[in-house]
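As structure tokens, the structure follows; a few thoughts come after it.
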There are 2 protein chains.
Amino acid sequence: MSLLDHPDAKAFILHWGEMGTQWGVNRSVSQIHALLYLSSAPLPADEIVDQLKLARSNVSTGLKELQGYGIVRRVHVEGDRRDHFVAETDLWDMLMRIVAERKRREVDPTIALLADLAERLKQDQSAPPQVRERIVRMHEFISTLGNWYEQVRGLPKPTLVLLMKLGGKVARFVSPGKITRSKD
Amino acid sequence: MSLLDHPDAKAFILHWGEMGTQWGVNRSVSQIHALLYLSSAPLPADEIVDQLKLARSNVSTGLKELQGYGIVRRVHVEGDRRDHFVAETDLWDMLMRIVAERKRREVDPTIALLADLAERLKQDQSAPPQVRERIVRMHEFISTLGNWYEQVRGLPKPTLVLLMKLGGKVARFVSPGKITRSKD
DNA sequence: TATTTGCTTCTGTTTTTTCAGAAATTACGG
DNA sequence: CCGTAATTTCTGAAAAAACAGAAGCAAATA
């Protein structure tokens, strides 16, 4: 029996698909992800074809994409030749993997380009000062974000969860003006 | 003289445009944004048309979109009937505005839907337990992220910058196991 | 080793998005 | 107010992306 027959599961899967399109992810890909996320058992590609009414070829491509993000993996099912697929169900892990991959694909190349431009502009006397200054600042800004991310993603998950729950209260430790020094 | 004649400015603008497309933003829109970001003076729409070689109509739409994000604003230029436009140059403000707007447009509706589905599923005995459980967890997860964001965005900018620089070191205050209690 | 089964890659079609130009509307100056 | 300049909205064309089905390939079975 298909998950798509449950109106709520269906609503979830369709919405997830639309979400994807808004963030530059193919609709089919995010629908496949949503379906696997809700599924209680590993699904073979054919099953996904039937439920989402997609062509076999696209399901194949979509699964590859999701595996590239590391949020879907192939599993072997006893006595079945076909590959089966399951989605990551730990939502922290899922988010972290998505962010990591998008950084790798999109942000890192951007930082590399900005570094390059900033470097060249520092030499170039003929460049309009505004251009130099603003590209340099953009480079610094995105690099700073990148460094912050690299540090935070290294923290153990329970710490992250704790920090998240703490919300704005972390600010108490770093009231500006009084620089908090760690006693190493 | 056009900014597009500077190879570095041009590279920046073109790359910014491609970045946009990857995150679900129209290429023209992000190019317009990049051009305004680098520009030393407010630009009228015609100027943008000339430099980026876009149709006047699309520049109009693009500017409206950017104003919707709050990262471009109209300014009046002495003795010129035409509207002129400038981009936000404080990158923190820029980022915060983009995030705020995307949350409003895409995340908030998602949370609303998930709340709805989770609510209904708690009643529904016929629903597969996996479906109920996972939709509920997704709702909790995204809501938690949303709450965290709402708190953090309220912090003064200098505090944010400080926290960012602190990076993973904030973890020292919240070592798991030892729950940090605030003394209110 | 031939045959079936499952998976992927390729190709042409369909759908969606982007975009230019025309038409319409609004604001401004005389 | 009338005419003109500036901007926005509408519409159809062009470009890009998504997709289905076919063909190709690989692996397993017999």
Practice task
Output yes when any residue across the range B:94-103 is within 10 Å of another protein chain (Cβ to nearest Cβ), crowded, with 18+ Cβ neighbours inside 10 Å and touching a Lys or Arg at 6+ places or on another chain (Cβ under 8 Å), and no when none is.
Solution key: no
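Mind telling me which of the residues B:Pro158, B:Pro109 ends up being within 7 Å of chain A (Cβ to nearest Cβ), in a helix (DSSP H, G or I) and exposed (fewer than 15 other Cβ atoms within 10 Å of the Cβ)?
Working: B:Pro109 fails: within 7 Å of chain A (Cβ to nearest Cβ).
Among B:Pro158, B:Pro109, only B:Pro158 is within 7 Å of chain A (Cβ to nearest Cβ), in a helix (DSSP H, G or I) and exposed (fewer than 15 other Cβ atoms within 10 Å of the Cβ).
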Exercise for the section: Would you confirm whether any residue within the range A:29-42 is within 14 Å of chain B (Cβ to nearest Cβ), more than 29 Å from B:Arg27 (Cβ to Cβ) and within 12 Å of DNA strand C (Cβ to nearest atom)? Expected result: yes
Exercise for the section: Just one of (1) more than 10 Å from every other protein chain (Cβ to nearest Cβ); (2) in contact with a helix residue (DSSP H, G or I) (Cβ under 8 Å, 6 or more places away or on another chain) trips up B:Asp80, so point out which. Expected result: (2)
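I'd like the full set of residues that are in contact (Cβ under 8 Å) with a residue 12 or more places away in the chain and within 21 Å of A:Trp23 (Cβ to Cβ), limited to the range A:68-92. Step through it out loud before you land on a result.
Of all residues in the range A:68-92, those in contact (Cβ under 8 Å) with a residue 12 or more places away in the chain come to A:68-73, A:75, A:77, A:80, A:82-89, A:92.
Scanning the range A:68-92 gives A:Gly68, A:Tyr69, A:Gly70, A:Ile71, A:Val72, A:Ala87, A:Glu88, A:Thr89, A:Trp92.
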Exercise for the section: Report whether or not B:Ser39 is more than 26 Å from A:Ser143 (Cα to Cα) and either over 16 Å from the mean Cα position of the chain (by Cα) or among the basic types (Lys, Arg) (or both). Expected result: no
Practice task
Please determine, by comparing only the residues of the range B:44-64 that are away from every other protein chain (no Cβ under 14 Å), more than 7 Å from DNA strand D (Cβ to nearest atom) and in contact (Cβ under 8 Å) with a residue 12 or more places away in the chain, which one is farthest from B:Val99 (Cα to Cα).
Solution key: B:Asp50
Problem - Selection count where residues are part of a helix (DSSP H, G or I) and either β-branched (Val, Ile, Thr) or within 15 Å of DNA strand D (Cβ to nearest atom) (or both), scope the range B:16-36 - result: 13
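Inspect the range B:54-63 for any residue being over 16 Å from the mean Cα position of the chain (by Cα), closer than 24 Å to A:Ile135 by Cα, within 16 Å of DNA strand C (Cβ to nearest atom) and of a type in the set (Ser, Thr, Tyr) and give the result as yes or no. Break it down stepwise before answering.
Pass one, the range B:54-63, residues over 16 Å from the mean Cα position of the chain (by Cα): B:54-61.
Narrowing the set further to residues that are closer than 24 Å to A:Ile135 by Cα leaves B:54, B:59.
Remaining after also requiring within 16 Å of DNA strand C (Cβ to nearest atom): B:54, B:59.
Adding the requirement that they be of a type in the set (Ser, Thr, Tyr) leaves none.
No: the range B:54-63 contains no residue that is over 16 Å from the mean Cα position of the chain (by Cα), closer than 24 Å to A:Ile135 by Cα, within 16 Å of DNA strand C (Cβ to nearest atom) and of a type in the set (Ser, Thr, Tyr).
Is it true that some residue in the range A:125-138 is surrounded by 13 or more Cβ atoms within 10 Å (Cβ to Cβ), assigned to a helix (DSSP H, G or I) and of a type in the set (Gly, Ala, Ser)? Reasoning before the result, please.
Of all residues in the range A:125-138, those surrounded by 13 or more Cβ atoms within 10 Å (Cβ to Cβ) come to A:127-128, A:130-138.
Applying the additional criterion that residues be assigned to a helix (DSSP H, G or I) yields A:130-138.
Next cut, of a type in the set (Gly, Ala, Ser) only: none.
Looking through the range A:125-138, none of the residues is surrounded by 13 or more Cβ atoms within 10 Å (Cβ to Cβ), assigned to a helix (DSSP H, G or I) and of a type in the set (Gly, Ala, Ser).
Criterion first (facing chain A (nearest Cβ under 7 Å) and either at pLDDT 95 or above or closer than 30 Å to B:Glu65 by Cβ (or both)) does B:Arg153 satisfy it?
On the way: facing chain A (nearest Cβ under 7 Å): no; either at pLDDT 95 or above or closer than 30 Å to B:Glu65 by Cβ (or both): yes.
Considered against the rule, which asks whether it is facing chain A (nearest Cβ under 7 Å) and either at pLDDT 95 or above or closer than 30 Å to B:Glu65 by Cβ (or both), B:Arg153 comes out as no.
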Exercise for the section: Would you check if B:Arg132 is more than 7 Å from every other protein chain (Cβ to nearest Cβ) and out of contact with any Ser or Thr (no Cβ under 8 Å at 6 or more places or on another chain)? Expected result: yes
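The values are calculated or read from the model by the stated rules, or taken from the named source; none is laboratory data. It should be emphasised that the depicted structure is a prediction, and the values quoted were computed from it without experimental measurement. We place every Cβ from the backbone using ideal geometry, glycine too, and count neighbours over all the protein chains shown.
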